């Protein structure tokens, strides 16, 4: 089976969130399973792009309304990621510092989608399936179905995988002329609440819709920022597939970013060595339980709860715990978190920003990972933590509910139901009690380390979904 993944992110090429981790891992495991897999993404000005070799395999021009952009298709020559990687180079739009956050993001990603389809359209053979990821690629299923110059794609199955339904890529009908020509009788397909909503268009037009966890599929039928009725209408073609993690990248026994490697046989000594290293770096006490947060400092991640819950938990426990925050996002939250350092020196610290090597060390060194998310379609941090023998403290939502079972139910973590400071602090108190019960602590840690969240299982579920829509095409 020939599979194209179209995405705005792919680790280690360009990463903002979990989307990159999924697109950097799933195709590799599909390739290992015997399929021909290609990943297509924009060509950003990143370290990966500048340090690796690429060859130009195609070039052309994209017409976007009154604009005309030259583009090149660059292929990474060694297939070092375990699959074929293609970058769409559009110098005027993507040779910038950041992946997102520009006023012309609509123009950027629409141009990327058109260039991608133009290239694939010119190949001798069409792929068996095109898997789009999130709203940045959401207009591809529509263009495959309705745009005149892509008539060849009309019977090519497409799938949209939703990593976060809060971001939908809306823009006004004043930009309708950006799209390649199509019969305006179908313009209603683009309409959602009097605007063009890229994610809604993908949900309508794709042959299958997947979310990154089963529970998130249930949640977006109830709360999806205005798309609830649409999700209910397409439930018949929807499936929740829980993400996996790349167990080759996230492996405490071979992780080169750690101070000391370890496995289930020697995890106590291994985690302690990493804890000493991390606590030395951040002026913390390695004899105390270490609670960490890794992620974006946004309300959807519960980032706004961290300043208050950190201060309250440190006071309630007489500063007999450590808290370390790694992340960036809302400036006000960042400032509040930084301001706590002077009040809890020696027990609390922050690193505002993101550092991949530091993140790996934190997973290995910490005793507990805080994830008080309001929205978490899947969540990968809890899976990384479990793999490294670090116990997740999570709110029961999305994929967190699918992957973390409370220790009160003989599970692998600590769970709470609400996104409040009191809920987070109560869970921290439970964690302190668990930390003092060394026998139960070791049991929970080992249970997490032995949990299978590898991509092999996930890969097969994706293949089954592709095969189902391919079979439907053949039957019709």
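Scan the stretch 434-463 residue by residue and report those that are assigned to a helix (DSSP H, G or I) and under 13 Å from residue 413 (Cα atoms).
Here is the first cut: in the stretch 434-463, the ones assigned to a helix (DSSP H, G or I) are 434-436, 438-449, 455-463.
434, 435, 440, 441, 442, 443, 444, 445, 446, 447, 448, 449 - these are the residues of the stretch 434-463 that are assigned to a helix (DSSP H, G or I) and under 13 Å from residue 413 (Cα atoms).
Looking for something surrounded by 17 or more Cβ atoms within 10 Å (Cβ to Cβ) and either within 18 Å of residue 445 (Cα to Cα) or not assigned by TED's automatic domain parsing to the domain that holds residue 433 (or both) - is there at least one such residue anywhere in the stretch 263-270? Yes; the residues of the stretch 263-270 include at least one that is surrounded by 17 or more Cβ atoms within 10 Å (Cβ to Cβ) and either within 18 Å of residue 445 (Cα to Cα) or not assigned by TED's automatic domain parsing to the domain that holds residue 433 (or both).
Evaluate the following for residue 350: is it in contact with a helix residue (DSSP H, G or I) (Cβ under 7 Å, 6 or more places away or on another chain) and either under 22 Å from residue 418 (Cα atoms) or buried (at least 24 other Cβ atoms within 10 Å of the Cβ) (or both)?
It is false that residue 350 is in contact with a helix residue (DSSP H, G or I) (Cβ under 7 Å, 6 or more places away or on another chain) and either under 22 Å from residue 418 (Cα atoms) or buried (at least 24 other Cβ atoms within 10 Å of the Cβ) (or both).
Would you check if residue 305 is crowded, with 16+ Cβ neighbours inside 10 Å, assigned by TED's automatic domain parsing to the domain that holds residue 385 and closer than 21 Å to residue 422 by Cα? Considered against the rule, which asks whether it is crowded, with 16+ Cβ neighbours inside 10 Å, assigned by TED's automatic domain parsing to the domain that holds residue 385 and closer than 21 Å to residue 422 by Cα, residue 305 comes out as yes.
Assess whether residue 272 counts as being farther than 30 Å from residue 30 by Cα and in a helix (DSSP H, G or I).
Details: farther than 30 Å from residue 30 by Cα: yes; in a helix (DSSP H, G or I): yes.
Judged against the criteria, residue 272 is a match.
Within the stretch 159-178, the set of residues being outside any helix (DSSP H, G or I) and either touching a residue at least 60 places away in the same chain (Cβ under 8 Å) or within 20 Å of the chain's Cα centre (by Cα) (or both) comprises 159, 160, 161, 162, 163, 164, 165, 166, 167, 168, 169, 171. Being surrounded by fewer than 20 Cβ atoms within 10 Å (Cβ to Cβ), at pLDDT 95 or above and part of a helix (DSSP H, G or I) is the filter here, so list the residues in the stretch 91-143 that pass it. Once the filter is applied, which keeps residues that are surrounded by fewer than 20 Cβ atoms within 10 Å (Cβ to Cβ), at pLDDT 95 or above and part of a helix (DSSP H, G or I), the stretch 91-143 yields 105, 106, 107, 119, 121.
Determine which member of the set 20, 14, 33 is surrounded by 16 or more Cβ atoms within 10 Å (Cβ to Cβ) and in contact (Cβ under 8 Å) with a residue 40 or more places away in the chain.
14
Looking at the stretch 185-195, can you tell me whether even one residue there is farther than 22 Å from residue 118 by Cα, assigned by TED's automatic domain parsing to the domain that holds residue 108 and part of a loop (DSSP other than H, G, I, E, B)? Looking for residues that are farther than 22 Å from residue 118 by Cα, assigned by TED's automatic domain parsing to the domain that holds residue 108 and part of a loop (DSSP other than H, G, I, E, B), one finds at least one in the stretch 185-195, hence yes. Picking from residues in the stretch 321-346 that are touching a residue at least 60 places away in the same chain (Cβ under 8 Å) and over 24 Å from residue 382 (Cβ atoms), the one that is surrounded by the fewest Cβ atoms within 10 Å (Cβ to Cβ) is 345.
Any idea which of 217, 199, 230, 281 is assigned to a helix (DSSP H, G or I), surrounded by fewer than 17 Cβ atoms within 10 Å (Cβ to Cβ) and at pLDDT 95 or above?
Values: 217 fails: surrounded by fewer than 17 Cβ atoms within 10 Å (Cβ to Cβ); 199 fails: surrounded by fewer than 17 Cβ atoms within 10 Å (Cβ to Cβ); 230 fails: surrounded by fewer than 17 Cβ atoms within 10 Å (Cβ to Cβ).
That would be 281, the only listed residue that is assigned to a helix (DSSP H, G or I), surrounded by fewer than 17 Cβ atoms within 10 Å (Cβ to Cβ) and at pLDDT 95 or above.
The values are calculated or read from the model by the stated rules, or taken from the named source; none is laboratory data. Nothing here was measured: the structure is a model prediction, and the numbers come from that model. Positions of Cβ are backbone-derived with ideal geometry, glycine not excepted, and every protein chain shown enters the neighbour counts.
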